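Written below as structure tokens is the structure these notes are about.
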Amino acid sequence: MAVPKKRTTASTQGQRRSHLALKAPQLIAGPDGQLIPRRLKRAAEMGLLNLNKKKA
């Protein structure tokens, strides 16, 4: 089994794992101007989505 000769620093380890970070969900403006997740865009356009609107 391969064993590294030297300890990997936290910096190098972080650089290697940098692409594993979770990305924030992409939000788009719905038909009524409300922000909705991209995955629900088609449902919102068809009127299948019932979003709770916050009243200010």
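Any idea how many residues of region 1-41 are in contact with a strand residue (DSSP E or B) (Cβ under 9 Å, 6 or more places away or on another chain) and among the β-branched types (Val, Ile, Thr)? So the count comes out to 2. Scanning region 1-30 for residues that are of a type in the set (Val, Ile, Thr) and either more than 20 Å from the chain's Cα centre (by Cα) or exposed (fewer than 10 other Cβ atoms within 10 Å of the Cβ) (or both) returns Val3, Thr8, Thr9, Thr12.
FYI, it's all coordinate maths here, none of it is from the lab. Only a predicted model underlies this, so the values are computations on that prediction, with no experimental measurement involved. Counting neighbours? That spans all protein chains shown, and the Cβs are built from the backbone with ideal geometry, glycine included.
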